[in-house]
Amino acid sequence: MMAVSFSKYGQLHYLDPGAYAPAVGDRVLVPTDAGPEVAQCIWAPQWVSEDIGGLPVCAGMATDEDLARDEENRQLRAQARLAAKRLIREHELPMKVTAVDYLSSETTFIVYFSAPQRVDFRALVRDLNGRLQARVELRQVGPRDEARLQGGIGPCGRDLCCSTFLKDFEPVSVRMAKDQDLPVNPLRIAGACGRLMCCLKYEHPLYQDFRKDAPRVGAAVTTPEGDGTVIGHNVPSDTVVVKLAADGRARACPKASVCGSRQAYEATYGKK
């Protein structure tokens, strides 16, 4: 498996390298609905332990002709983006251009934009058709799609999930943040798009499974180091923080080693 990107810091796309072995930085051809497109290799081909099927197969290494065509398309996209921004200002429309695609096989520009509400852009499309001398399609995207197209860095300091590996957007609720002991503060639990962070969704089952058999905060428990009271949970490390009754120290104990009673402890570890 290998990973490529069509633009710098853009979304990663995974490929089957087939018979090719490109190095990081090499330009390769990626099959798309509009024909092979040039992309840069971000992760060199490597074996993976899991059986992953359905990946598109690398169409080959990019030639000088492919690179020249890709550069021409890049310039056309830049011109279309500039023309769209200027015409939007002229028409005084409340919309922002997010990205532009160019389908050379169909001589078609696809302009993605964001707006706070639905926009009547029929006049704008007519002017863009005349300005670019090509067919133009406008597609409105939401905040999450806008973040995916533009890319960026999340609060965790890593590339946005939506612009790297996340394929589909699933509903995220404030309840998930509460279940993960996160502050219900929009500044703390919102992503770059302004919506609730997507990671709250796919990390939520971990917290649900942990709490099924973990002692609640305040419960009296028995640990290998003695009796104590639960004062906290650390779900990522699968540990329970216990305040020992003997000396008041706080100890992080594996969840599996914490029992709610002496009988439960002896049943698990045997009598001493």
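Quick notes
- On full extension, the segment bounded by residue 123 and residue 178 gains 15.1 nm, given 0.36 nm per residue less the C-alpha separation.
- At a probe radius of 1.4 angstrom, the accessible area of the range 153-238 per residue rounds to 61 square angstrom.
- In nm, spacing of pseudo-spin labels at residue 57 and residue 229 (7 Å Cα→C-beta vector): 6.6 nm
- Gained length - residue 168 relative to residue 244, 0.36 nm times residue gap less alpha-carbon distance: 22.9 nm
- For the range 238-255 versus the range 61-99, the gap between their alpha-carbon centres in whole angstrom: 59 Å
- For the chain, with all protein chains in place and a probe radius of 1.4 Å, 50% of the accessible heavy-atom surface sits on carbon or sulfur.
- Cross-link partners for residue 255 among the aspartates and glutamates, with Cα-Cα distance under 14 Å and sequence neighbours closer than 8 places in the same chain left out: 209, 213, 225, 238.
- Dipole magnitude (debye, nearest 20) for the range 171-225, charges at Cβ of Lys, Arg, Asp, Glu: 300 debye
- Averaging the Cα positions of each part gives two centres, and for the range 6-50 and the range 203-235 these lie 44 Å apart.
- Our coupling estimate for the range 97-107, obtained by passing each phi through the Karplus curve with A = 6.51, B = -1.76, C = 1.60 and θ = phi - 60°, is 6, 9, 7, 9, 10, 10, 9, 5, 5, 10, 6 Hz, Gly and Pro reported as x.
- With 28 Å as the limit, the listed pairs 85/201; 201/243; 178/243 have 85/201; 201/243 beyond it between alpha carbons.
- For the range 53-139, the solvent-accessible area with a 1.4 angstrom probe is 61 square angstrom per residue.
- Backbone N within the range 151-172 under 15 Å of label point (7 Å from residue 81 Cα along the Cβ vector): 151-152
- Mean silhouette area of the chain, derived from the convex hull of its C-alpha atoms and averaged over all directions, reads 20.3 nm².
The values are calculated or read from the model by the stated rules, or taken from the named source; none is laboratory data. Every value quoted in this text rests on a predicted model; they were computed, and no experiment measured them. When we count neighbours, we look across all protein chains shown, and the Cβ atoms used for this are built from the backbone with ideal geometry, even at glycine. Ligands, DNA and RNA are stripped out before the accessible areas are found, and what is left, the full protein with its side chains, is counted by its heavy atoms. Shrake-Rupley method; radii C 1.70, N 1.55, O 1.52, S 1.80 Å.
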